[in-house]
Amino acid sequence: MITCIKRHFLFILGAGIVLFMTSLAIFAPLLSPYSPTEPNVDMILFPPSAEHLLGTDAIGRDIFTRLLYGARVSLWVGFIAVGISSLIGVTLGLISGYFGGIIDEIIMRIVDIMLCFPSFFLILAVIAFLEPSMMNIMIVIGLTSWTGLTRLVRAETLSLRERDFILATKLSGASKARILFVHILPNTLAPVLVSATLGIAGAILVESSLSFLGLGVQPPYPSWGNMLLDGKDVLSNAPWLSLFPGLAIFITVLGYNLLGESLRDILDPRLKER
């Protein structure tokens, strides 16, 4: 009973954080009258006040406004990157697990090769040859983070293809595509949903790291990562420049991790049986 209450509490907390941060990103133009990119030389490095809730940066831009628009960047990168990786991972996992044989061997060896390289350094290597932009970051993260989901869906498919209802569907003359996408895919959505939720948190961290290194979203457009970069040189004089973007990253990633972990506990049939 206590464990059940704890799971649902973490789910509500994680979902609340996610909804709150998403709402801030959606309604950013309504929540602040300031521009996220235009400098104001009369308001350089002002501390938090009633006029500027989180202070201003080295060229007078409002930190609260940039934080709101930075949330848009982080969430867009998270959603699009996870969408790309989920599409690739689910498709390859279904094909690998259902058909087996040489197809399974080829796909799994590709997965093994991808796993030989640390994902962040692989992303760095690819980004180094491309123009730094939000679109390139979303695509690169999506194309390099599908391996774990492929193995997860493959394992689920290997289990499901031997179930009685799948065998009955085969005997009824259903096509392989129908079996894969109508009967097997819906039964793999629970772990896919959990993986995607946790993947959004990972994508936000990767995007912030790339922007902090100067390889992500380029100034003057705000990103939580490049806001941290702007604040590192004046950390002793204006700590709010790094404090608030860091807290935004921490809270958002925490929310998605709590949501993903609690979804895994809630959707796990073994825990339900207990």
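The values are calculated or read from the model by the stated rules, or taken from the named source; none is laboratory data. From a predicted model like this one, the values you see are computed outputs, not experimental measurements. Please note: Cβ atoms are built from the backbone with ideal geometry, for glycine as well, and neighbour counts cover all protein chains shown. SASA here: full protein model, heavy atoms, side chains in, ligands and nucleic acids out. Shrake-Rupley method; radii C 1.70, N 1.55, O 1.52, S 1.80 Å.
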Among the residues of region 80-102, are any farther than 22 Å from residue 188 by Cα and in a helix (DSSP H, G or I)? yes
Here the residues within region 10-61 that are open to solvent by less than 70 Å² (accessible area, probe 1.4 Å), of a type in the set (Ser, Thr, Tyr) and free of Cβ contacts under 8 Å to residues at least 60 places away in the same chain are 22, 23, 32, 35, 49, 56
Flagged in region 183-197 as in contact (Cβ under 8 Å) with a residue 40 or more places away in the chain and either surrounded by fewer than 18 Cβ atoms within 10 Å (Cβ to Cβ) or of a type in the set (A, V, I, L, M) (or both), in numbering order, are 184, 185, 190, 192, 193, 194, 196
Taking residue 264 as the residue in question, decide whether it is open to solvent by 50 Å² or more (accessible area, probe 1.4 Å) and either hydroxyl-bearing (Ser, Thr, Tyr) or without any contact (Cβ under 8 Å) to a residue 60 or more places away in the chain (or both). no
Selected residue (only one of 152, 180, 210 is in contact with a Gly (Cβ under 8 Å, 6 or more places away or on another chain), open to solvent by less than 30 Å² (accessible area, probe 1.4 Å) and assigned to a helix (DSSP H, G or I)): 210
Just checking, which of 188, 197, 169 is touching a helix residue (DSSP H, G or I) at 6+ places or on another chain (Cβ under 7 Å), modelled with pLDDT of 90 or more, on the phi < 0 side of the Ramachandran plot and of a type outside the set (A, V, I, L, M, F, W, C)? 197
